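Notes for the one structure printed next.
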Amino acid sequence: MRANQPGRTEGSLADFEVMVFSCFQDLEDETKAESGYDEIWKKQVGNKGRSRQVGEKFEAVELGCDLLRKETNIILRQSMSTQLRLAFMFQMAEETGLTNVYVAQLLKRQAQLNPQTLSTRASPLDEAVMHYGESIKEITNEEFGNGIMSATVFYRSADKVKGGDREDRVVVTFDGKHLPYTEQ
């Protein structure tokens, strides 16, 4: 607007220019503010992305920990199994008088037991069990029904007692759970 337009004065033109300048200044300030909001918004979006990445990393770590726990349990079970096998092997070696390496080879079928070794190791107890075993089995089946004596939870003992003529006698006890045969 010009000063020579009817109804306008020079002062009103200056006021108008101040007003336009003020509007532009406000517009510029709003643009800067919006730009600041955009930056804040971008930072928040970036933070959310980083938070999601951190969450994903925590999930990956948790999965890794679960896998390690499972592997540790497997190793522990294998170790326990190995310890039981070793204990059994050493017990067999001690009871038979054979070396532990030879017993280990026998158990792994890397060696064969020499029949002469077996016959020299047989004791009167072995002979008694072999001689009376079938009769004991028959009586057990008659008392309990067809089944077997569990060797899993099995207790055995040998006790010294005095006989009727005051002689030393041996009482051998085999104590195992009776497991009836089941039809399949």
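Give the separation of the Cα centroids, region 50-97 to region 152-184, in Å.
38
Project the alpha carbons of region 34-117 onto their principal axes and report the range along each, largest first, in whole Å.
100, 19, 11
Quick query: amide H of Leu113 versus all other amide H atoms, modeled in the peptide plane; which residues come in under 5 Å with a sequence gap of 5 or more or a different chain?
Amide H neighbours of Leu113, under 5 Å, 5+ apart: none.
Compute from the Cα atoms of region 124-180 the Rg and the Dmax, the latter being the longest Cα-Cα distance, and quote both in angstrom.
Over region 124-180's Cα set, Rg and Dmax evaluate to 13.6, 40 Å.
Each reported figure results from applying straightforward, stated rules to the coordinates on display, with no laboratory input. Not measured: the values here are computed from a predicted model.
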